[in-house]
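The values are calculated or read from the model by the stated rules, or taken from the named source; none is laboratory data. Here the structure is a predicted model, which is why all the values come from computation and not from measurement. In this analysis, Cβ positions are derived from the backbone assuming ideal geometry, glycine residues included, and neighbour counts consider all displayed protein chains.
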Amino acid sequence: MFTKVNSKYIYYVNIYARGERMEYGYIKRMKDLREDSDLTQAEVSRVLGTSQTMYARYERGANALPLHHLLTLCDYYKVSADYLLGRTNKK
């Protein structure tokens with residue numbers, strides 16, 4: 001589903017966890033993991049091989065996070081994909 005927000009179209013991914021609908025459930029976890037590690041967006045963007053601007057767009061939900069970046073973040077933070085996607089509370 002596409003929704004117009006501030007003159008930008010944002011694609012919302014519906015993730016179902018425990019029967020509850022969540023939109024972009026990974027965004028909060030991505031930001032929390034970065035902040036808990038005392039990293040800047042620029043530092044994480046270098047790990048992903050992308051620009052800080054693009055990473056910021058992932059973190060606020062303006063762009064969907066590509067699968068290869070999801071896997072890279074899981075490896076970097078040593079967490080499971082289920083944890084990052086908000087499907088479980090176990091790291």
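One line per residue, one yes/no per condition, for (1) crowded, with 16+ Cβ neighbours inside 10 Å; (2) among the aliphatic types (A, V, I, L, M):
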{"residue": "D36", "(1), (2)": "no, no"}
{"residue": "G49", "(1), (2)": "no, no"}
{"residue": "R57", "(1), (2)": "yes, no"}
{"residue": "L70", "(1), (2)": "yes, yes"}
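Limited to segment 43-69, what total is found for residues that are among the hydrophobic types (A, V, I, L, M, F, W, C) and modelled with pLDDT of 95 or more?
Applying the first criterion (among the hydrophobic types (A, V, I, L, M, F, W, C)) to segment 43-69 yields 44, 47-48, 54, 56, 62, 64-65, 67.
Imposing the further condition that a residue be modelled with pLDDT of 95 or more reduces the set to 44, 47-48, 54, 56.
So the count comes out to 5.
Go through (1) modelled with pLDDT under 95; (2) surrounded by 15 or more Cβ atoms within 10 Å (Cβ to Cβ); (3) part of a loop (DSSP other than H, G, I, E, B) for R29 and report which single condition fails.
Condition (3) is where R29 drops out.
If I ask for residues that are over 14 Å from D32 (Cα atoms), part of a helix (DSSP H, G or I) and without any contact (Cβ under 8 Å) to a residue 40 or more places away in the chain, which ones from segment 56-75 would you list? Steps first, please.
Of the residues in segment 56-75, the ones over 14 Å from D32 (Cα atoms) are 57, 61-72, 75.
After this cut, where a residue has to be part of a helix (DSSP H, G or I) as well, the list is 57, 67-72, 75.
Result: R57, L67, H68, H69, L71, T72, D75.
Among the residues of segment 36-43, is any among the acidic types (D, E), without any contact (Cβ under 8 Å) to a residue 24 or more places away in the chain and outside any loop (DSSP other than H, G, I, E, B)? Don't jump to the end; show me each part of the working.
Applying the first criterion (among the acidic types (D, E)) to segment 36-43 yields 36, 38, 43.
When the remaining residues are screened for being without any contact (Cβ under 8 Å) to a residue 24 or more places away in the chain, the result is 36, 38, 43.
Now narrow it down to the ones that are outside any loop (DSSP other than H, G, I, E, B): 36, 43.
Scanning segment 36-43 turns up at least one residue that is among the acidic types (D, E), without any contact (Cβ under 8 Å) to a residue 24 or more places away in the chain and outside any loop (DSSP other than H, G, I, E, B).
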